[in-house]
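This report refers to the structure that appears directly beneath it.
The values are calculated or read from the model by the stated rules, or taken from the named source; none is laboratory data. The shown structure was predicted, so the numbers you read here are calculated from the model rather than taken from an experiment. Counting neighbours? That spans all protein chains shown, and the Cβs are built from the backbone with ideal geometry, glycine included.
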Amino acid sequence: MKLKQWDEIYKRYGKFLVNPQEGIERIVEVFEEHNVKKVLDLGCGSGRHLVYLGERGFEVYGIDLAETGIKIAKDWLDEKDLQADLKIGSVYKKLPYEDDFFDAVVSIRVIHHARIEDIRKAIKEIQRVLKPRGLVFITVRKRIPKKRRLKFKTLDSRTYIPVEGDEKGLIHYLFNKRLLRKEFKNFEIHDIWVDRENYYCLLGELRTATK
């Protein structure tokens, strides 16, 4: 069901997210300070961050469930004369990469689209494919103010599914700062903040003792 829904979203809107994440310039500066080379965009969608990072000289990799999103990303990269290693696959299953392969992982508005047990699988895989002291930058949904909420069905604690709108039927898990620190306990958290779109942003560094 998820695959069909995400594919339909990309078929309907195409490259509907074009501008990169707010504050990504700061993240690039941190990546450069840490000599980051290989970056995985986990849930890369139509490729806005693949393009942004590729234009700044990083070796970029992307994986996404939606075949249409990957096709759009490939076309966009081709237009920009950029290269990326793209794969179709779920971010909640074993990733098709070796252990300790990446210097950094970014995941923008992605991993909260699941129940917490699946989110934990994704975090475990992020840890596996990151090199020791590798960096992670993720954004996840914060609780939405009542006046902006669509109708939804509650599945579990902090877990719901919208019953209307473009994300109808897609699972959402709502984080807070305490839960982010708990679930990313194997990372040294550099910062957590909220962007203008009401998403938590987390920048962390994998602790070497977790390997």
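Observations on the structure shown:
- On inspection, residue 179 qualifies as among the aliphatic types (A, V, I, L, M), out of contact with any strand residue (DSSP E or B) (no Cβ under 6 Å at 6 or more places or on another chain) and under 18 Å from residue 195 (Cβ atoms).
- Among the residues of region 29-67, the ones that are in a helix (DSSP H, G or I) and surrounded by fewer than 19 Cβ atoms within 10 Å (Cβ to Cβ) come to 6 in all.
- Here residue 26 meets the list (1) more than 27 Å from residue 190 (Cβ to Cβ); (2) assigned to a helix (DSSP H, G or I); (3) of a type in the set (Lys, Arg) almost entirely, failing just condition (1).
- Residue match in region 166-185 (condition: in a strand (DSSP E or B), within 30 Å of residue 37 (Cα to Cα) and either of a type outside the set (Gly, Ala, Ser) or out of contact with any Gly (no Cβ under 9 Å at 6 or more places or on another chain) (or both)): yes
- Single residue of region 4-21 satisfying the filter (touching a Lys or Arg at 6+ places or on another chain (Cβ under 9 Å) and surrounded by 14 or more Cβ atoms within 10 Å (Cβ to Cβ)) that is nearest to residue 190 (Cα to Cα): 21
- Residues being at positive phi and without any contact (Cβ under 8 Å) to a residue 60 or more places away in the chain - total across region 1-44: 1
- Index of the failed condition, residue 91 passing every other in (1) touching a helix residue (DSSP H, G or I) at 6+ places or on another chain (Cβ under 6 Å); (2) under 18 Å from residue 20 (Cα atoms); (3) part of a loop (DSSP other than H, G, I, E, B): (2)
- Residue identified as part of a strand (DSSP E or B), on the phi < 0 side of the Ramachandran plot, hydroxyl-bearing (Ser, Thr, Tyr) and free of Cβ contacts under 8 Å to residues at least 40 places away in the same chain among 139, 154: 154
Matching residues to (1) surrounded by 12 or more Cβ atoms within 10 Å (Cβ to Cβ); (2) under 19 Å from residue 42 (Cα atoms); (3) of a type in the set (A, V, I, L, M, F, W, C):
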{"position": "133", "(1), (2), (3)": "yes, yes, no"}
{"position": "171", "(1), (2), (3)": "yes, yes, yes"}
{"position": "176", "(1), (2), (3)": "yes, no, no"}
{"position": "204", "(1), (2), (3)": "yes, yes, no"}
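- Region 68-88, residues that are in contact with a strand residue (DSSP E or B) (Cβ under 6 Å, 6 or more places away or on another chain), farther than 20 Å from residue 13 by Cα and either part of a helix (DSSP H, G or I) or not small (Gly, Ala, Ser) (or both): 85, 86, 87
- Any hit, region 51-62, residues being of a type in the set (Gly, Ala, Ser), out of contact with any strand residue (DSSP E or B) (no Cβ under 7 Å at 6 or more places or on another chain) and at pLDDT below 95: no
- Yes/no for residue 117 being without any contact (Cβ under 8 Å) to a residue 12 or more places away in the chain, within 21 Å of residue 94 (Cα to Cα) and either of a type in the set (A, V, I, L, M, F, W, C) or in a helix (DSSP H, G or I) (or both): yes
- Residue match in region 122-132 (condition: out of contact with any helix residue (DSSP H, G or I) (no Cβ under 8 Å at 6 or more places or on another chain) and assigned to a strand (DSSP E or B)): yes
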